[in-house]
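J.: Attaching a single structure in structure tokens format; questions to follow.
The values are calculated or read from the model by the stated rules, or taken from the named source; none is laboratory data. These numbers come from a predicted model, not from an experiment. Here the Cβ is made from the backbone with ideal geometry for all residues, glycine too, and neighbour counts use every protein chain on show.
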Amino acid sequence: MTTAASEPSTERVPGRVWTIRLTGHADRTATVTCSTAACRMPPRSKDVAGLRAFAAQHAAAHARVATVHANAWCHCGTSQCAAHPDTAAHCAGGVALVLQHDPFVGRVWTLEEVCEACAPLIPNARVLARVPRSSRANQRQEGQVPAPQMSGPARSAVPGGFSSPTAQPTEGQAHQPRRPRRTSRPAQRRGQGR
């Protein structure tokens, strides 16, 4: 019996999104919901702090399990870039998994696969994982993925605000330290002071 080796699909797929939501009710209870129907959620409770911690840990669990698809379309782009309406961008570059969470509101955690052009423009978002460069380079050589093109100035992302102590980046996801900026020297004027 022979088996064929499975090759990664060259067909583009929609970018995935997971939304974890903490919803309060009039009787001062709350519920946690996840956009993935198979996920088991705790029952409605008055322990809002416990439910908020559960929601943050649940988002972290989705992030740990998700493998970023190199051939995914930008989820932000498919929604007409509604996540950053004030900043125009053209979807380009590799695929990244971002967590969008506003720590001041603290009710919604959204994980989504977006392009590298949209990722820094989404407010309250943090890049958790990227497609490995070797995978993107191999696909580009085979003509599957266009070369990255960044449009507009990139802004640094605001931290996502995980409240879970277990939500640490894995070894492959550690942030790279920034290189120091070069300062330009003022040009010396010739013939001055003579």
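J.: Failed condition for SER151, given (1) closer than 16 Å to ARG12 by Cα; (2) at pLDDT below 50, with all others met?
T.: Condition not satisfied by SER151: (1).
J.: LEU97 passes all but one of (1) under 17 Å from the mean Cα position of the chain (by Cα); (2) farther than 29 Å from PRO132 by Cβ; which number fails?
T.: Of (1) under 17 Å from the mean Cα position of the chain (by Cα); (2) farther than 29 Å from PRO132 by Cβ, only one is false for LEU97: (2).
J.: Filter region 22-36 down to residues that are assigned to a loop (DSSP other than H, G, I, E, B) and either in contact with a His (Cβ under 8 Å, 6 or more places away or on another chain) or under 20 Å from PRO103 (Cβ atoms) (or both), then give me how many there are.
T.: 1
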